[in-house]
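Below you'll find the structure, written out as structure tokens, and then a few comments.
The values are calculated or read from the model by the stated rules, or taken from the named source; none is laboratory data. Keep in mind that this is a model prediction, so the values were computed, not measured. Neighbour counts are summed over all protein chains in view; Cβ atoms, including those assigned to glycine, are modelled from backbone coordinates with ideal geometry. The area values use the complete protein model at the heavy-atom level, side chains included, leaving out ligands, DNA and RNA. Shrake-Rupley method; radii C 1.70, N 1.55, O 1.52, S 1.80 Å.
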Amino acid sequence: MHYQPQRDLLRNHIILVTGASNGIGKEAALTYARYGARVILLGRSEDKLQSVAAQIASEGGQAASLFTLDMAICTPADCQHLADRIAELYPRLDGVLHNAGVLGDVCPMSEQQPAVWDNVMQVNVNATFYLTQALLPLLLNAESGSLVFTSSSVGRQGRANWGAYAASKFATEGMMQVLAEEYQNRLRVNCINPGGTRTQMRASAFPSEDPQKLKTPADIMPLYLWLMGDDSRRKTGMSFDAQPGRKPGISQ
Ligand code: NDP
């Protein structure tokens, strides 16, 4: 995507990022802070989040807040409690990036372990839903809030061996479409499909792939910026590719 954002694109924006401890989410949090946002970091490891917050501070960004939440075990009440704590500190959320996710097992449907399946659904779908429900009032307090989910090419077209992960990303696309229709003119709701990106999850999915052939999280940030800033104000209910034209699957 060729997008040249203004340096102050996200000034006065308060943006929450899930899975901000690593990979794409960490890069998104750092990038949003570089463009002026006040960032709220969510993850399960306080140490990792603190190191991201320290990097934001060292780059001169606005002080980040961090909250821990293990999405593998969180309940709707935990998410409401978290939203209440955020509401004590912030009047609104201008953006939420649902980025945290797990891969599960890459194997045929007949071999998918139910416990692993449940974990993928819990993190990628259920906890994401609980968080969305709890954070919606804060998003609706924003003048032009942006709710962004993270999908995948296997969330649009099923592929052998992608079992729970593919099903969870289809559910993500569905959640986005339903919310986009429910909140028309009040909140924009979209999906990003990052496309193959150099992270730990990608390395687990394709252990034989040469990571150097993949885009880095930093390379795909233009779309992440565009969807959080005012330039995408009228877009809702859409699923965007961070690497348009990239063929899904292993990079040769
Ligand atoms: P990583 O594995 O690098 O990062 C995943 C993030 O999710 C980490 O911050 C991780 O935290 C967090 N997370 C995992 N489990 C939990 C949990 N139980 N509670 C809270 N946080 C948790 O993955 P990527 O950066 O590659 O993926 C980011 C998103 O992009 C995912 O939704 C993924 O499905 C999607 N995606 C990625 C692609 C790629 O090629 N990389 C392609 C298509 C989609 P921790 O640091 O503690 O492990």
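Does segment 91-201 classify as rounded, prolate or oblate by the C-alpha gyration tensor (a ≥ b ≥ c root eigenvalues; a/c under 1.5 gives rounded; else a/b over b/c gives prolate, otherwise oblate)? Each step should come with its number before you reach the end.
Values: a/c = 2.30, a/b = 2.09, b/c = 1.10.
In terms of gyration-tensor shape, prolate.
Please report the accessible area of residue 81 (heavy atoms, 1.4 Å probe, ligands and nucleic acids excluded) in Å², nearest 10.
Taking all protein chains as shown, residue 81 has close to 110 Å².
Give me, ordered by chain and number, the residues 5 or more places off residue 191 or on other chains with an amide H under 5 Å from its own placed amide H.
It is 149, 238, 239, 240, by chain and number.
Given a 1.4 angstrom probe, what's the average accessible area per residue across the chain, in square angstrom?
Normalised by residue count, the accessible surface of the chain is 47 Å².
Contact order normalised by length for the chain, with contacts defined as Cα pairs under 8 Å and 6 or more residues apart; what percent is it? Let's see the in-between values first.
On the way: 498 pairs, mean separation 50.0, N = 252.
RCO, the chain: 20 percent.
5 Å is the cut-off here: which amide hydrogens, built 1.01 Å from N in the peptide plane, fall below it relative to residue 107, excluding neighbours closer than 5 in sequence?
Hits under the 5 Å cutoff: 163.
Test of the criteria: in segment 1-91, which GluC sites (Glu not before Pro) are in a DSSP loop and have at most 10 other Cβ atoms within 10 angstrom of their Cβ?
Working: sites: 27, 46, 59, 88; in loops: 59.
Sparse-neighbourhood loop GluC sites (Glu not before Pro): 59.
Taking H placed 1.01 Å from N in the peptide plane, check which residues at least 5 places from residue 142 or on another chain put their amide H under 5 Å from its amide H.
When sequence neighbours closer than 5 places are left aside, the close amide H contacts are 93.
Of the options 61, 42, 6, report the single residue whose Cα projects farthest towards the positive end of the charge dipole of the chain (beta-carbon charges: Lys, Arg +1; Asp, Glu -1).
6
How about residue 235: which lysines have a C-alpha closer than 28 Å to its C-alpha, ignoring those fewer than 8 places off in the same chain?
Here the lysines satisfying the reach criterion relative to residue 235 are 26, 169, 215, 247.
At 1.4 Å probe size, put 224, 165 in order of accessible surface, largest to smallest.
Output order, biggest surface exposure first: 165, 224.
For the chain, what does -39500 (n - 2.57) per DSSP helix run (n ≥ 4), summed and divided by total residues, give at 222 nm, in deg cm²/dmol to the nearest 500?
After summing the helix terms and dividing by residue count, I get -11500 deg cm²/dmol.
At a 1.4 Å probe radius, carbon and sulfur cover how many percent of the accessible area of segment 14-241?
Within segment 14-241, the accessible surface is 48 percent carbon and sulfur.
Determine how large the accessible area of residue 197 is when every protein chain is in place; take a 1.4 Å probe and give Å² rounded to the nearest 10.
For residue 197, the solvent-accessible surface is approximately 10 Å².
Could you pull the accessible area for residue 117 with a 1.4 Å probe, rounded to 10 Å²?
70
Taking the Cα centre of the chain as origin, sum charge times position over the Cβ atoms of Lys and Arg (+1) and Asp and Glu (-1), and report the length of that vector in debye to the nearest 20.
The dipole magnitude comes to about 660 debye.
In sequence order, what are the phi-derived ³J(HN,Hα) couplings for segment 83-97 according to the Karplus relation 6.51 cos²θ - 1.76 cosθ + 1.60 with θ = phi - 60°, rounded to whole Hz, with x for glycine and proline?
4, 5, 5, 5, 5, 6, 9, 10, x, 7, 10, 7, x, 10, 9
Could you tally the net charge around residue 27, taking each other residue with its Cβ under 12 Å from the Cβ of residue 27, Lys/Arg +1 and Asp/Glu -1?
+3
Can you tell me how segment 14-241 classifies by the Cα gyration tensor, rounded, prolate or oblate, using a/c under 1.5 as the rounded cut?
Rounded, since a/c falls under 1.5.
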